[in-house]
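Peer 1: First the structure, which I've put down as structure tokens, then a few questions once you've had a look.
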Amino acid sequence: MPELPEVETTRRGLAPLVEGRRVAAVTVRQRQLRWPIPREVDAIAGQTVTALERRAKWLIWRLESGSLLWHLGMSGSFRGWENPPAPGPHDHVDLVVENGHVIRYTDPRRFGALLWGGEDPHAHPRLTALGPEPLGDAFDGEWLWRLSRGRRSPVKGFVMDAKTVVGVGNIYASEALFAAGIHPRRPAGRISRQRYDALAGTIRRTLADAIEVGGTSLRDFTVGDGTPGYFGQSLKVYGRDGEACPGCGEPIRREVIGQRSTFYCPRCQR
């Protein structure tokens, strides 16, 4: 599944193609994604995309009047084409911008979403309950410590909860917890303020590093030019069950926590 770094990489790839440009035409071939694509989307031809932003894993397409909210779901991706090939069965939406580029949305599993965001997209019900951005000023160790008091659930699930902080997906949670030396099963409410300061820092660094190199290389994810992300080459524990820990040499373990594969070092993380 594309996570925050992959979505931010996508935003950066698309922005030069669409920001400040007028939408010449819209073609919706498949309206049934995770939720039906609303009819307002069909009527945006003639409007200019004033900005392309990101909130959590949503791309916000700001228009002269209104906005689009676009989510990649499990397998969604965008490609920008000057001369696009004929659409395939999973190519659901085309936006043609005034310079002739076709922005094509492809989603084999159809778990993505395209919604109408209105004049204030941040007031949309899909965005209002979200926690702070991990790279923003509102996120720090103090926030994690205060929110975690009294919680007995594992810290890994706590930091993956979008109400705690957005964008910390399964891969990045495992990597950040390893970097902070925190065991993923440790109860969230039994972690000190000092250790949460460290964890907030490793979450920031892990996500920022992944954005810098284009996200994690996953089977279904490509950036705007069709190339895969490369952060997967830098993973320390995720997907390395039985391999030697880069810190101490102990074999890395895999457990299922919250129905997700979790990788950690039993010696370095406590």
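The values are calculated or read from the model by the stated rules, or taken from the named source; none is laboratory data. These numbers were taken from a predicted model, which means no experiment stands behind them. A quick note on method: Cβ atoms are made from the backbone with ideal geometry, for glycine too, and the neighbour counts reach across all protein chains shown.
Peer 1: Within segment 54-61, is even one residue farther than 28 Å from L207 by Cβ and either modelled with pLDDT of 95 or more or among the aliphatic types (A, V, I, L, M) (or both)?
Peer 2: no
Peer 1: On to the next question. For segment 6-17, which positions are modelled with pLDDT of 90 or more and closer than 19 Å to E175 by Cα?
Peer 2: Within segment 6-17, V7, E8 meet the criteria.
Peer 1: May I pose another question? Suppose we filter T9, T27 for residues that are surrounded by fewer than 16 Cβ atoms within 10 Å (Cβ to Cβ), of a type in the set (S, T, N, Q) and in contact (Cβ under 8 Å) with a residue 40 or more places away in the chain; which single one remains?
Peer 2: Checking each option against the conditions leaves just T27.
Peer 1: Next question, about the same structure. Within segment 31-52, take every residue that is surrounded by fewer than 16 Cβ atoms within 10 Å (Cβ to Cβ) and in contact (Cβ under 8 Å) with a residue 40 or more places away in the chain and give me the one that is farthest from the chain's Cα centre (by Cα).
Peer 2: Per the stated criteria, the residue is E40.
Peer 1: Hey, E98 hits all of (1) more than 17 Å from the chain's Cα centre (by Cα); (2) more than 13 Å from V18 (Cβ to Cβ) but one; which does it fall short on?
Peer 2: The failed condition is (2).
A quick yes/no check of all residues on (1) out of contact with any Asp or Glu (no Cβ under 6 Å at 6 or more places or on another chain); (2) over 21 Å from S67 (Cα atoms):
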position	(1), (2)
W116	no, no
P121	yes, no
P125	yes, no
G136	yes, yes
S148	yes, yes
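Peer 1: Ok, one more. All but one of (1) in contact with a Leu (Cβ under 8 Å, 6 or more places away or on another chain); (2) outside the structural domain of V18 (by TED's automatic domain parsing) hold for E133; state the number of the condition that does not hold.
Peer 2: Unmet for E133, out of (1) in contact with a Leu (Cβ under 8 Å, 6 or more places away or on another chain); (2) outside the structural domain of V18 (by TED's automatic domain parsing): (1).
Yes/no matrix, rows are residues, columns are (1) in a helix (DSSP H, G or I); (2) at pLDDT below 55; (3) charged (D, E, K, R):
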{"residue": "R204", "(1), (2), (3)": "yes, no, yes"}
{"residue": "A208", "(1), (2), (3)": "yes, no, no"}
{"residue": "G215", "(1), (2), (3)": "no, no, no"}
{"residue": "R219", "(1), (2), (3)": "no, yes, yes"}
{"residue": "D225", "(1), (2), (3)": "no, yes, yes"}
{"residue": "P228", "(1), (2), (3)": "no, yes, no"}
{"residue": "G232", "(1), (2), (3)": "yes, no, no"}
{"residue": "K236", "(1), (2), (3)": "no, no, yes"}
{"residue": "D241", "(1), (2), (3)": "no, no, yes"}
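Peer 1: Listed residues G131, G157; which is assigned to a loop (DSSP other than H, G, I, E, B) and at negative phi?
Peer 2: Result of the check over G131, G157: G131.
Peer 1: Just need a number here: residues in segment 53-99 that are of a type in the set (F, W, Y), farther than 30 Å from V165 by Cα and surrounded by 21 or more Cβ atoms within 10 Å (Cβ to Cβ).
Peer 2: So the count comes out to 0.
Peer 1: Looking for something within 29 Å of W61 (Cα to Cα), modelled with pLDDT under 95 and of a type outside the set (V, I, T) - is there at least one such residue anywhere in segment 151-169?
Peer 2: So far as segment 151-169 goes, yes, one or more of its residues are within 29 Å of W61 (Cα to Cα), modelled with pLDDT under 95 and of a type outside the set (V, I, T).
Results for (1) touching a Ser or Thr at 6+ places or on another chain (Cβ under 9 Å); (2) in the same structural domain as W35 (by TED's automatic domain parsing); (3) more than 25 Å from V159 (Cα to Cα), shown as yes or no for each residue.
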{"residue": "H90", "(1), (2), (3)": "yes, yes, yes"}
{"residue": "D94", "(1), (2), (3)": "yes, yes, yes"}
{"residue": "G100", "(1), (2), (3)": "no, yes, yes"}
{"residue": "I103", "(1), (2), (3)": "no, yes, yes"}
{"residue": "D107", "(1), (2), (3)": "yes, yes, yes"}
{"residue": "L115", "(1), (2), (3)": "no, yes, yes"}
{"residue": "G118", "(1), (2), (3)": "yes, yes, yes"}
{"residue": "H124", "(1), (2), (3)": "yes, yes, no"}
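Peer 1: Considering R62, R12, R79, R54, which residue is in the same structural domain as H124 (by TED's automatic domain parsing), assigned to a helix (DSSP H, G or I) and not aliphatic (A, V, I, L, M)?
Peer 2: R12
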